[in-house]
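The values are calculated or read from the model by the stated rules, or taken from the named source; none is laboratory data. Please read these numbers as outputs of a predicted model, since none were measured by experiment. All Cβ positions, even for glycine, are placed from backbone atoms using ideal geometry, and neighbour counts span all protein chains on display. Protein only, heavy atoms only, side chains kept; ligands, DNA and RNA dropped before computing areas. Shrake-Rupley method; radii C 1.70, N 1.55, O 1.52, S 1.80 Å.
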Amino acid sequence: MAQSIAPPSTGAPTAVPAPLPVKAILPWAVFFGLLTLIALYFVGAEQGATSVFAGTGVHEWVHDGRHLLGFPCH
Amino acid sequence: MNSSTVRALLVRGMLAGLIAGMLALVTAYFLGEPQIDAAIAYEEAHTHGHEHGPEVVSRSVQSTAGLATGVLVYGVAVGGVASLVFSFALGRVGGFSPRATALLLAGAAFVSVYLVPFLKYPANPPSVGDPASLDKRTALFFLMVVLGVLLAVAATIAGRRLAPRLGNWYATVVAGLGFAAAVGIAYAFLPSLSELPEHFPALLLWRFRLSALAVQLVLWTAYGLTFAHFAQRLLAGPARERETVRDGAAPAAAQV
Ligand SMILES: [Zn+2]
(Lines give C-alpha, C1' and ligand atoms only; values in the text may rest on other atoms or scores of the structure.)
Protein backbone atom coordinates (compact mmCIF):
# COMPACT_ATOMS: atom_id res chain seq x y z
CA MET A 1 0.00 0.00 0.00
CA ALA A 2 2.30 2.76 1.23
CA GLN A 3 5.60 0.93 1.33
CA SER A 4 7.51 3.89 -0.02
CA ILE A 5 6.28 6.18 2.73
CA ALA A 6 6.16 4.03 5.83
CA PRO A 7 9.48 2.97 7.30
CA PRO A 8 9.74 -0.82 7.28
CA SER A 9 10.96 -0.97 10.89
CA THR A 10 7.52 -0.86 12.53
CA GLY A 11 6.43 -4.42 13.14
CA ALA A 12 2.75 -3.59 13.65
CA PRO A 13 0.47 -3.60 10.60
CA THR A 14 -0.52 -0.06 9.69
CA ALA A 15 -4.25 -0.16 10.30
CA VAL A 16 -5.64 -3.63 9.67
CA PRO A 17 -6.81 -4.99 13.02
CA ALA A 18 -6.90 -8.62 14.09
CA PRO A 19 -10.39 -10.19 13.88
CA LEU A 20 -12.31 -10.50 17.14
CA PRO A 21 -13.06 -14.15 17.98
CA VAL A 22 -16.59 -15.33 17.17
CA LYS A 23 -16.87 -16.78 20.68
CA ALA A 24 -16.61 -13.26 22.11
CA ILE A 25 -19.23 -11.83 19.73
CA LEU A 26 -21.86 -14.56 19.81
CA PRO A 27 -23.34 -14.01 23.32
CA TRP A 28 -23.76 -10.29 22.64
CA ALA A 29 -25.22 -10.98 19.21
CA VAL A 30 -27.83 -13.38 20.62
CA PHE A 31 -28.73 -11.08 23.52
CA PHE A 32 -28.89 -7.83 21.56
CA GLY A 33 -30.35 -9.47 18.45
CA LEU A 34 -33.32 -10.68 20.48
CA LEU A 35 -33.86 -7.24 22.05
CA THR A 36 -33.69 -5.65 18.60
CA LEU A 37 -36.22 -8.04 17.09
CA ILE A 38 -38.66 -7.21 19.89
CA ALA A 39 -38.02 -3.45 19.65
CA LEU A 40 -38.35 -3.37 15.85
CA TYR A 41 -41.47 -5.52 16.02
CA PHE A 42 -43.18 -2.97 18.28
CA VAL A 43 -42.04 -0.02 16.17
CA GLY A 44 -42.70 -1.63 12.79
CA ALA A 45 -45.47 -4.19 13.02
CA GLU A 46 -47.38 -4.48 16.35
CA GLN A 47 -51.17 -4.04 16.03
CA GLY A 48 -50.89 -4.16 12.27
CA ALA A 49 -50.75 -7.57 10.65
CA THR A 50 -50.29 -9.18 14.08
CA SER A 51 -51.00 -8.11 17.66
CA VAL A 52 -49.48 -8.98 21.00
CA PHE A 53 -51.57 -6.42 22.87
CA ALA A 54 -55.23 -5.70 22.19
CA GLY A 55 -56.31 -2.29 20.93
CA THR A 56 -54.46 0.21 18.76
CA GLY A 57 -52.48 2.24 21.32
CA VAL A 58 -49.01 1.03 20.31
CA HIS A 59 -49.80 1.36 16.60
CA GLU A 60 -51.14 4.88 17.05
CA TRP A 61 -48.21 5.97 19.20
CA VAL A 62 -45.50 4.97 16.71
CA HIS A 63 -47.75 5.61 13.69
CA ASP A 64 -45.81 8.44 12.03
CA GLY A 65 -42.47 6.76 12.62
CA ARG A 66 -43.82 3.56 11.10
CA HIS A 67 -44.84 5.35 7.90
CA LEU A 68 -41.66 7.42 7.60
CA LEU A 69 -39.30 4.52 8.38
CA GLY A 70 -40.85 2.58 5.51
CA PHE A 71 -42.85 -0.08 7.33
CA PRO A 72 -46.25 -1.01 5.89
CA CYS A 73 -48.79 0.61 8.20
CA HIS A 74 -52.41 0.71 7.11
CA MET B 1 -10.71 -8.77 27.07
CA ASN B 2 -12.16 -9.60 23.66
CA SER B 3 -15.65 -9.81 25.09
CA SER B 4 -15.19 -6.41 26.71
CA THR B 5 -14.08 -5.01 23.35
CA VAL B 6 -17.29 -6.32 21.80
CA ARG B 7 -19.31 -4.79 24.63
CA ALA B 8 -17.48 -1.46 24.23
CA LEU B 9 -18.25 -1.52 20.49
CA LEU B 10 -21.91 -2.36 21.16
CA VAL B 11 -22.27 0.55 23.59
CA ARG B 12 -20.67 2.91 21.06
CA GLY B 13 -22.87 1.51 18.30
CA MET B 14 -26.00 2.20 20.32
CA LEU B 15 -24.77 5.71 21.11
CA ALA B 16 -23.94 6.37 17.45
CA GLY B 17 -27.39 5.02 16.58
CA LEU B 18 -28.99 7.41 19.06
CA ILE B 19 -27.09 10.40 17.63
CA ALA B 20 -27.95 9.33 14.07
CA GLY B 21 -31.54 8.75 15.17
CA MET B 22 -31.78 12.33 16.44
CA LEU B 23 -30.64 13.72 13.10
CA ALA B 24 -33.03 11.36 11.30
CA LEU B 25 -35.78 12.58 13.63
CA VAL B 26 -35.13 16.21 12.67
CA THR B 27 -35.28 15.17 9.00
CA ALA B 28 -38.48 13.20 9.55
CA TYR B 29 -40.10 16.06 11.42
CA PHE B 30 -39.30 18.80 8.93
CA LEU B 31 -39.48 16.87 5.64
CA GLY B 32 -41.85 14.02 6.44
CA GLU B 33 -44.49 15.39 8.79
CA PRO B 34 -45.90 17.98 6.34
CA GLN B 35 -46.47 15.12 3.85
CA ILE B 36 -48.15 12.95 6.50
CA ASP B 37 -50.43 15.83 7.47
CA ALA B 38 -51.33 16.40 3.81
CA ALA B 39 -52.00 12.68 3.31
CA ILE B 40 -54.24 12.55 6.40
CA ALA B 41 -56.11 15.62 5.15
CA TYR B 42 -56.63 13.81 1.83
CA GLU B 43 -57.73 10.68 3.68
CA GLU B 44 -60.31 12.60 5.70
CA ALA B 45 -61.65 14.32 2.59
CA HIS B 46 -62.02 10.99 0.76
CA THR B 47 -63.08 8.58 3.48
CA HIS B 48 -63.96 5.25 1.99
CA GLY B 49 -63.87 2.82 4.85
CA HIS B 50 -60.31 3.53 5.98
CA GLU B 51 -60.89 3.28 9.68
CA HIS B 52 -58.18 4.17 12.07
CA GLY B 53 -60.84 4.00 14.77
CA PRO B 54 -61.39 6.74 17.33
CA GLU B 55 -58.36 8.95 17.94
CA VAL B 56 -56.38 7.10 20.61
CA VAL B 57 -53.29 9.30 20.26
CA SER B 58 -53.68 12.89 19.09
CA ARG B 59 -51.96 14.07 15.91
CA SER B 60 -49.78 16.48 17.83
CA VAL B 61 -48.44 13.64 20.00
CA GLN B 62 -48.05 11.29 17.01
CA SER B 63 -45.97 13.83 15.12
CA THR B 64 -43.66 14.63 18.05
CA ALA B 65 -43.27 12.19 20.96
CA GLY B 66 -44.64 9.28 18.91
CA LEU B 67 -42.38 9.98 15.95
CA ALA B 68 -39.40 10.42 18.28
CA THR B 69 -40.09 7.07 19.98
CA GLY B 70 -40.21 5.22 16.68
CA VAL B 71 -37.18 6.83 15.06
CA LEU B 72 -34.94 6.77 18.14
CA VAL B 73 -35.73 3.16 19.08
CA TYR B 74 -35.05 2.22 15.46
CA GLY B 75 -31.75 4.17 15.50
CA VAL B 76 -30.46 2.60 18.71
CA ALA B 77 -31.56 -0.90 17.64
CA VAL B 78 -30.03 -0.88 14.16
CA GLY B 79 -26.99 1.00 15.46
CA GLY B 80 -26.34 -1.70 18.04
CA VAL B 81 -26.83 -4.54 15.58
CA ALA B 82 -24.59 -2.82 13.03
CA SER B 83 -21.84 -2.51 15.66
CA LEU B 84 -22.05 -6.27 16.30
CA VAL B 85 -21.82 -6.96 12.57
CA PHE B 86 -18.85 -4.60 12.60
CA SER B 87 -17.23 -6.64 15.40
CA PHE B 88 -17.46 -9.67 13.16
CA ALA B 89 -16.50 -7.92 9.91
CA LEU B 90 -13.45 -6.18 11.38
CA GLY B 91 -10.31 -7.74 9.92
CA ARG B 92 -12.39 -10.34 8.04
CA VAL B 93 -13.58 -8.42 4.97
CA GLY B 94 -10.25 -7.18 3.69
CA GLY B 95 -7.47 -4.81 4.62
CA PHE B 96 -9.62 -2.04 6.03
CA SER B 97 -9.02 0.12 9.09
CA PRO B 98 -11.75 0.26 11.75
CA ARG B 99 -12.89 3.57 10.32
CA ALA B 100 -13.13 2.32 6.74
CA THR B 101 -14.84 -0.90 7.87
CA ALA B 102 -17.45 1.14 9.78
CA LEU B 103 -18.21 3.37 6.79
CA LEU B 104 -18.42 0.48 4.33
CA LEU B 105 -20.68 -1.41 6.69
CA ALA B 106 -23.03 1.56 7.13
CA GLY B 107 -23.27 1.90 3.35
CA ALA B 108 -23.94 -1.80 2.89
CA ALA B 109 -26.57 -1.73 5.64
CA PHE B 110 -28.36 1.23 4.06
CA VAL B 111 -28.48 -0.53 0.69
CA SER B 112 -29.45 -4.01 1.89
CA VAL B 113 -31.73 -3.20 4.84
CA TYR B 114 -33.48 -0.19 3.34
CA LEU B 115 -32.79 0.69 -0.29
CA VAL B 116 -33.33 -2.79 -1.76
CA PRO B 117 -36.72 -3.29 -0.03
CA PHE B 118 -37.66 0.36 -0.69
CA LEU B 119 -37.23 0.11 -4.45
CA LYS B 120 -39.71 -2.78 -4.58
CA TYR B 121 -42.03 -1.91 -1.70
CA PRO B 122 -41.57 1.82 -1.08
CA ALA B 123 -42.75 3.68 2.00
CA ASN B 124 -46.33 4.86 1.73
CA PRO B 125 -48.10 7.83 3.31
CA PRO B 126 -51.38 7.33 5.19
CA SER B 127 -54.32 6.46 2.88
CA VAL B 128 -52.11 4.67 0.33
CA GLY B 129 -52.53 0.93 0.66
CA ASP B 130 -55.56 -1.27 1.13
CA PRO B 131 -55.99 -2.22 4.82
CA ALA B 132 -57.23 -5.64 3.68
CA SER B 133 -53.83 -6.43 2.16
CA LEU B 134 -51.79 -5.35 5.19
CA ASP B 135 -50.81 -8.94 6.09
CA LYS B 136 -49.49 -9.55 2.60
CA ARG B 137 -47.68 -6.22 2.42
CA THR B 138 -46.08 -6.75 5.83
CA ALA B 139 -44.88 -10.23 4.89
CA LEU B 140 -43.49 -9.08 1.54
CA PHE B 141 -41.70 -6.10 3.06
CA PHE B 142 -39.95 -8.12 5.76
CA LEU B 143 -39.16 -10.86 3.26
CA MET B 144 -37.45 -8.26 1.09
CA VAL B 145 -35.43 -6.94 4.07
CA VAL B 146 -34.26 -10.46 4.95
CA LEU B 147 -33.47 -11.15 1.29
CA GLY B 148 -31.47 -7.90 0.98
CA VAL B 149 -29.36 -8.81 4.02
CA LEU B 150 -28.80 -12.43 2.92
CA LEU B 151 -27.78 -11.37 -0.59
CA ALA B 152 -25.39 -8.75 0.79
CA VAL B 153 -23.78 -11.36 3.04
CA ALA B 154 -23.55 -13.80 0.12
CA ALA B 155 -22.00 -11.12 -2.10
CA THR B 156 -19.42 -10.29 0.56
CA ILE B 157 -18.44 -13.94 0.98
CA ALA B 158 -18.30 -14.42 -2.80
CA GLY B 159 -16.13 -11.32 -3.15
CA ARG B 160 -13.68 -12.65 -0.55
CA ARG B 161 -13.52 -16.03 -2.30
CA LEU B 162 -12.91 -14.44 -5.71
CA ALA B 163 -10.28 -11.98 -4.49
CA PRO B 164 -7.25 -14.32 -4.75
CA ARG B 165 -8.14 -15.18 -8.35
CA LEU B 166 -9.45 -11.87 -9.71
CA GLY B 167 -7.76 -9.34 -7.46
CA ASN B 168 -9.64 -7.09 -5.05
CA TRP B 169 -10.99 -4.69 -7.65
CA TYR B 170 -12.57 -7.21 -10.02
CA ALA B 171 -13.71 -9.46 -7.19
CA THR B 172 -15.61 -6.50 -5.73
CA VAL B 173 -17.07 -5.55 -9.11
CA VAL B 174 -18.19 -9.13 -9.82
CA ALA B 175 -19.70 -9.53 -6.34
CA GLY B 176 -21.52 -6.21 -6.75
CA LEU B 177 -22.91 -7.21 -10.15
CA GLY B 178 -23.99 -10.56 -8.75
CA PHE B 179 -25.79 -8.78 -5.92
CA ALA B 180 -27.58 -6.45 -8.37
CA ALA B 181 -28.57 -9.37 -10.62
CA ALA B 182 -29.93 -11.41 -7.70
CA VAL B 183 -31.92 -8.41 -6.45
CA GLY B 184 -33.27 -7.89 -9.97
CA ILE B 185 -34.41 -11.51 -10.15
CA ALA B 186 -36.12 -11.18 -6.75
CA TYR B 187 -37.86 -8.01 -7.95
CA ALA B 188 -39.06 -9.81 -11.08
CA PHE B 189 -40.52 -12.78 -9.22
CA LEU B 190 -42.05 -11.12 -6.17
CA PRO B 191 -45.54 -9.65 -6.64
CA SER B 192 -45.83 -5.92 -7.23
CA LEU B 193 -48.25 -3.79 -5.25
CA SER B 194 -50.40 -1.09 -6.80
CA GLU B 195 -52.90 0.11 -4.25
CA LEU B 196 -52.81 3.80 -4.91
CA PRO B 197 -56.25 5.34 -4.47
CA GLU B 198 -57.51 7.03 -7.61
CA HIS B 199 -56.63 10.73 -7.83
CA PHE B 200 -54.17 10.55 -4.96
CA PRO B 201 -51.84 13.56 -5.54
CA ALA B 202 -48.74 12.28 -7.36
CA LEU B 203 -46.60 15.09 -6.02
CA LEU B 204 -47.55 14.24 -2.43
CA LEU B 205 -46.65 10.59 -2.92
CA TRP B 206 -43.32 11.54 -4.50
CA ARG B 207 -42.47 13.99 -1.72
CA PHE B 208 -43.43 11.53 0.98
CA ARG B 209 -41.26 8.78 -0.48
CA LEU B 210 -38.37 11.16 -1.01
CA SER B 211 -38.59 12.31 2.60
CA ALA B 212 -38.70 8.69 3.81
CA LEU B 213 -35.57 7.99 1.76
CA ALA B 214 -33.92 11.12 3.18
CA VAL B 215 -34.64 9.95 6.74
CA GLN B 216 -32.76 6.69 6.14
CA LEU B 217 -29.96 8.35 4.20
CA VAL B 218 -29.38 10.78 7.07
CA LEU B 219 -29.61 7.97 9.61
CA TRP B 220 -27.04 5.72 7.96
CA THR B 221 -24.66 8.49 6.92
CA ALA B 222 -24.64 9.94 10.43
CA TYR B 223 -24.30 6.47 11.92
CA GLY B 224 -21.41 5.56 9.61
CA LEU B 225 -19.46 8.73 10.38
CA THR B 226 -20.14 8.69 14.13
CA PHE B 227 -19.45 5.00 14.65
CA ALA B 228 -16.35 5.21 12.42
CA HIS B 229 -15.02 7.90 14.75
CA PHE B 230 -15.79 5.89 17.90
CA ALA B 231 -14.45 2.61 16.53
CA GLN B 232 -11.22 4.15 15.30
CA ARG B 233 -10.60 5.81 18.67
CA LEU B 234 -11.37 2.64 20.58
CA LEU B 235 -9.39 0.22 18.43
CA ALA B 236 -6.55 2.32 17.07
CA GLY B 237 -6.33 4.88 19.89
CA PRO B 238 -6.14 8.65 19.48
CA ALA B 239 -2.41 8.78 20.25
CA ARG B 240 -1.62 6.22 17.62
CA GLU B 241 -3.77 8.00 15.07
CA ARG B 242 -2.13 11.36 15.68
CA GLU B 243 1.33 9.93 15.32
CA THR B 244 0.30 8.17 12.15
CA VAL B 245 -0.79 11.48 10.76
CA ARG B 246 2.36 13.28 11.89
CA ASP B 247 4.97 10.75 10.90
CA GLY B 248 3.18 8.93 8.17
CA ALA B 249 4.04 5.77 10.06
CA ALA B 250 2.27 3.60 12.59
CA PRO B 251 3.92 3.29 15.99
CA ALA B 252 3.73 0.00 17.86
CA ALA B 253 0.17 -0.88 18.86
CA ALA B 254 -0.90 1.26 21.81
CA GLN B 255 -3.86 -0.86 22.72
CA VAL B 256 -5.40 -2.02 25.96
ZN1 LIG C 1 -50.90 4.40 9.17
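A few comments on the model shown:
- Highest-first arrangement of B:102-110, B:168-176, A:36-44, where packing means the average Cβ count within 10 Å: B:102-110, A:36-44, B:168-176
- Protein heavy-atom accessible surface, 1.4 Å probe, per residue over the range A:18-69: 48 Å².
- Over chain B, accessible surface divided per residue gives 50 Å², non-protein components excluded, 1.4 Å probe.
- Helix-only [θ]222 nm of the protein assembly as shown, DSSP H runs n ≥ 4, -39500 (n - 2.57) each, per residue, nearest 500: -22000 deg cm²/dmol
- At least 40 Å² accessible surface lost relative to isolated chain, residues of the range A:40-60 (1.4 Å probe): A:L40, A:V43, A:A49, A:E60
- Cα lying deepest toward the dipole's positive end in the range B:129-195, options B:N168, B:I157, B:A182, charges on Cβ: B:N168
- Peptide B:122-132, shielding by other chains (average Cβ, 10 Å cutoff): 3
- Backbone geometry of the range A:59-74 corresponds, through the Karplus equation with coefficients 6.51, -1.76 and 1.60 at θ = phi - 60°, to 3J(HN,Hα) couplings of 4, 5, 5, 9, 3, 5, x, 4, 5, 6, 8, x, 6, x, 10, 8 Hz, x marking Gly and Pro.
- Taking both sides together, the accessible area buried where A meets B is about 4700 Å² for a 1.4 Å probe.
- Per-atom-type breakdown for the range A:18-69 gives carbon and sulfur 82% of the accessible area (1.4 Å probe, protein chains only).
- Total formal charge among the other residues, if their Cβ is under 12 angstrom from that of B:V128, Lys/Arg +1 and Asp/Glu -1: -2
- Normalised by the number of residues in the range B:129-195, the mean separation of alpha-carbon contacts (under 8 Å, six or more apart) gives a relative contact order of 33 percent.
- The share of alpha-carbon pairs in chain B lying farther apart than 32 Å comes to 34%.
- Each Lys and Arg Cβ is given +1 and each Asp and Glu Cβ -1; about its Cα centre, chain B then shows a dipole of about 1420 debye.
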